[in-house]
Amino acid sequence: MSTNQLDKKSEAWSALFSEPMSELVKRYTASVFFDKRLWLADITGSLAHAEMLAAQNIIAASDLADIQRGMAQIRSEIEAGTFEWKLDLEDVHLNIEARLTQLVGDAGKRLHTGRSRNDQVATDVRLWLRDEIDLISDLLKELQVALVDVAEKNVEVILPGFTHLQVAQPVSFAHHLLAYVEMFSRDAERMADVRRRTNRLPLGSAALAGTTYPLDRERVAKTLGMEGLCQNSLDGVSDRDFAIEFTAAASLCMVHISRFSEELILWMSQNFGFVKIADRFTTGSSIMPQKKNPDVPELARGKTGRVVGHLMGLITLMKGQPLAYNKDNQEDKEPLFDTVDTLKDTLRIFCEMVGGQLNPATGQKEGGITVNAAAMEAAANKGYATATDLADYLVKKGLPFRDAHETVAHAVKAATSHNCDLSELPLAVLQGFNALIEKDVYECLSLRGSLNARNTLGGTAPAQVKAQITRHRTRLA
Ligand code: ARG
């Protein structure tokens with residue numbers, strides 16, 4: 001194509017076409033209004049390609065210089081917002097290439113030697129996603145640190161642990177938060193793993209079969225900081241599994257945030273009153289003046305559905321495609337971009353909502369989650385959270401566990417009918433259920449006694465919780 005032809009590409013691709021594209025088809029097939037966000041990756045990839053072409057004597061050193069000069073100008077035009085994006089030029093790649101040719105002439109037309117938009121777009125998306133994964137990994141780390149900070153202040157705070165949302169056993173609030181730290185640490189591991197497979201170079205695959213030019217693909221990979229090459233050209237241009245697995249990792253991370261959101265929403269309700277989040281993360285009601293609604297956690301829970309939807313979209317996009325590149329793949333971008341945006345925004349908000357904002361005057365973080373320890377403890381005192389401890393007490397005195405379980409069920413029934421806690425039943429009453437019970441039983445019926453007793457690795461005893469915190473601090477340092 002001549003400069004002129006490329007600029008008016010849609011009027012007819014080449015001499016082969018007898019009529020131009022219709023306006024509707026032009027809009028239907030164009031991607032520039034969303035894929036222009038790949039512009040920096042596109043320029044970076046093109047410069048690495050051009051530099052290799054020159055090193056391999058496929059283009060002249062003067063062509064490379066022209067391309068570099070043109071790309072520098074394009075970069076500043078895009079940054080300044082003066083670059084004119086044209087729908088007629090379909091996508092980010094053709095827009096940048098056309099402008100380059102306009103600026104530097106023949107050198108611009110030589111850039112596409114040994115390359116196709118198929119390997120170009122696959123490279124751009126991988127480069128872009130790799131850098132986004134790095135930002136997401138930083139945010140995941142920040143969120144873990146924020147949670148560990150809150151945990152450290154709440155090792156001795158007790159709340160009821162639930163199963164089936166029924167009071168089960170007392171747990172340390174720190175222990176509860178550290179469960180989320182585990183989840184987010186696995187999310188970070190998954191991101192690191194996805195990054196390795198994303199960070200491989202398709203460029204050099206050309207349209208589908210490789211190229212007749214003596215390209216040095218290793219050199220391009222090195223310039224771009226990529227960890228390897230796609231080893232099969234058909235696969236390199238066509239598979240988007242890296243985008244799918246990223247979206248799967250992002251979905252899981254959002255699911256973890258959604259679970260945490262659900263708990264925050266419950267904990268903030270009047271019926272629990274366990275925590276408060278800063279007012280700036282809540283909204284009022286237009287009709288009920290007393291309301292402070294947890295909109296941010298609710299939206300995070302809602303946006304999780306959106307990200308999981310993108311995973312479904314992307315994986316379905318892939319399933320019917322024969323080798324190699326098909327235009328279907330252009331549909332990978334919007335779900336991928338939105339997944340990245342949603343996850344990053346959500347993580348940023350949660351970092352601040354949990355950990356607070358840095359006050360430059362004091363050097364301290366302020367406005368994070370506020371904990372109502374008394375409300376948590378009062379709730380833990382309802383619902384016979386230490387019933388298992390009483391059973392364990394009897395087992396230690398020699399009763400088989402199943403018998404102990406039955407004995408305690410009777411004790412709980414009695415306490416329920418007296419509307420009191422197990423620890424409030426007089427010793428004589430408790431001894432009526434089993435003669436093995438002695439005065440020391442009250443120690444194990446206390447919340448703190450129950451907590452301290454769970455002193456095995458991974459348990460909720462404060463000693464174990466402190467060990468978890470130390471381990472996370474080392475890992476996150
Ligand atoms: N905009 C296209 C995409 O996102 C670029 C590749 C187009 N290649 C092609 N042969 N039509 O996938």
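Please tell me if T370 is within 27 Å of P297 (Cα to Cα), surrounded by fewer than 19 Cβ atoms within 10 Å (Cβ to Cβ) and within 45 Å of the chain's Cα centre (by Cα). Answer is yes for this residue.
Could you tell me how many of the residues in the stretch 396-405 are in a helix (DSSP H, G or I) and surrounded by fewer than 16 Cβ atoms within 10 Å (Cβ to Cβ)? So that I can check it myself, show each step before the final result.
First pass over the stretch 396-405, keeping only residues in a helix (DSSP H, G or I): 396, 401-405.
Filter once more, so that each one left must be surrounded by fewer than 16 Cβ atoms within 10 Å (Cβ to Cβ): 396, 401-403.
Here the count works out to 4.
Results for (1) under 20 Å from D119 (Cα atoms); (2) touching a residue at least 24 places away in the same chain (Cβ under 8 Å); (3) aliphatic (A, V, I, L, M); (4) in a helix (DSSP H, G or I), shown as yes or no for each residue.
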{"residue": "V237", "(1), (2), (3), (4)": "yes, yes, yes, yes"}
{"residue": "I244", "(1), (2), (3), (4)": "yes, yes, yes, yes"}
{"residue": "S286", "(1), (2), (3), (4)": "no, no, no, no"}
{"residue": "E298", "(1), (2), (3), (4)": "no, yes, no, yes"}
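Can S137 be described as within 12 Å of the ligand (Cβ to nearest atom) and either of a type in the set (G, A, S) or modelled with pLDDT under 95 (or both)? For S137, the condition - within 12 Å of the ligand (Cβ to nearest atom) and either of a type in the set (G, A, S) or modelled with pLDDT under 95 (or both) - is not met. When only residues in the stretch 98-130 that are among the acidic types (D, E) and surrounded by 24 or more Cβ atoms within 10 Å (Cβ to Cβ) count, which is nearest to G204 (Cα to Cα)? That would be D119.
Screening P202 against (1) within 16 Å of the ligand (Cβ to nearest atom); (2) free of Cβ contacts under 8 Å to residues at least 24 places away in the same chain leaves a single unmet condition, (2).
Taking the stretch 423-453 on its own, how many of its residues are surrounded by 13 or more Cβ atoms within 10 Å (Cβ to Cβ) and farther than 14 Å from D392 by Cα?
Step one: list which residues in the stretch 423-453 are surrounded by 13 or more Cβ atoms within 10 Å (Cβ to Cβ), which gives 423-425, 429-434, 436-437, 441-453.
Pick out the ones that are also farther than 14 Å from D392 by Cα and you get 423-425, 429-433, 447-448.
Final tally of qualifying residues: 10.
Let's see how each residue does on (1) touching a Pro at 6+ places or on another chain (Cβ under 8 Å); (2) crowded, with 16+ Cβ neighbours inside 10 Å; (3) under 16 Å from V340 (Cα atoms):
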position	(1), (2), (3)
L264	yes, yes, no
Q270	no, no, no
F274	no, yes, no
T283	no, no, no
S286	no, no, no
K303	no, yes, yes
V308	no, yes, yes
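Output the residues belonging to the stretch 232-258 that are polar (S, T, N, Q) and buried (at least 19 other Cβ atoms within 10 Å of the Cβ).
Of the stretch 232-258, the ones polar (S, T, N, Q) are 232-233, 238, 247, 251, 258.
Once the filter is applied, which keeps residues that are polar (S, T, N, Q) and buried (at least 19 other Cβ atoms within 10 Å of the Cβ), the stretch 232-258 yields S233, S238, T247, S251, S258.
Candidates are the residues of the stretch 168-177 that are surrounded by 19 or more Cβ atoms within 10 Å (Cβ to Cβ) and more than 15 Å from L264 (Cα to Cα); the one that is nearest to the chain's Cα centre (by Cα) is H175. Can you tell me which residues in the stretch 202-235 are closer than 21 Å to N326 by Cβ and not in a loop (DSSP other than H, G, I, E, B)? Residues satisfying the conditions are S233, L234, D235. Cβ-Cβ contacts under 7 Å between residues 6 or more apart (or on different chains), taken from a first residue in the stretch 81-103 that is under 11 Å from K36 (Cα atoms) and away from the ligand (no atom under 14 Å from the Cβ) to a second residue that is modelled with pLDDT under 95 and among the acidic types (D, E), are absent.
The listed residues are L317, L347, L358, L343, and the only one of them that is under 24 Å from the mean Cα position of the chain (by Cα), on the phi < 0 side of the Ramachandran plot and within 16 Å of the ligand (Cβ to nearest atom) turns out to be L317.
Checking each residue in the stretch 14-37 for being within 16 Å of the ligand (Cβ to nearest atom), assigned to a helix (DSSP H, G or I) and out of contact with any Lys or Arg (no Cβ under 8 Å at 6 or more places or on another chain) picks out V25, K26, R27, Y28, F33, K36, R37.
Search the stretch 373-390 for residues being in contact with a Pro (Cβ under 6 Å, 6 or more places away or on another chain) and in a helix (DSSP H, G or I), and hand back the single one that is surrounded by the most Cβ atoms within 10 Å (Cβ to Cβ). Among those that are in contact with a Pro (Cβ under 6 Å, 6 or more places away or on another chain) and in a helix (DSSP H, G or I), it is A380.
Taking the criterion of being part of a helix (DSSP H, G or I) and either small (G, A, S) or within 13 Å of the ligand (Cβ to nearest atom) (or both), the residues of the stretch 104-114 that qualify are A107, G108. Tallying residues that are within 16 Å of the ligand (Cβ to nearest atom), in a helix (DSSP H, G or I) and of a type in the set (S, T, Y) within the stretch 320-340 yields 0.
H164 falls short on exactly one of the conditions (1) surrounded by fewer than 21 Cβ atoms within 10 Å (Cβ to Cβ); (2) touching a residue at least 40 places away in the same chain (Cβ under 8 Å), and that condition is (2).
Conditions (1) in contact with a helix residue (DSSP H, G or I) (Cβ under 6 Å, 6 or more places away or on another chain); (2) hydroxyl-bearing (S, T, Y); (3) within 16 Å of the ligand (Cβ to nearest atom), marked per residue:
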{"site": "G45", "(1), (2), (3)": "yes, no, yes"}
{"site": "Q56", "(1), (2), (3)": "no, no, no"}
{"site": "G70", "(1), (2), (3)": "yes, no, no"}
{"site": "I78", "(1), (2), (3)": "yes, no, no"}
{"site": "S116", "(1), (2), (3)": "no, yes, yes"}
{"site": "L147", "(1), (2), (3)": "yes, no, no"}
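The values are calculated or read from the model by the stated rules, or taken from the named source; none is laboratory data. These numbers were taken from a predicted model, which means no experiment stands behind them. All Cβ positions, glycine included, derive from the backbone under ideal geometry; neighbour counts span all protein chains shown.
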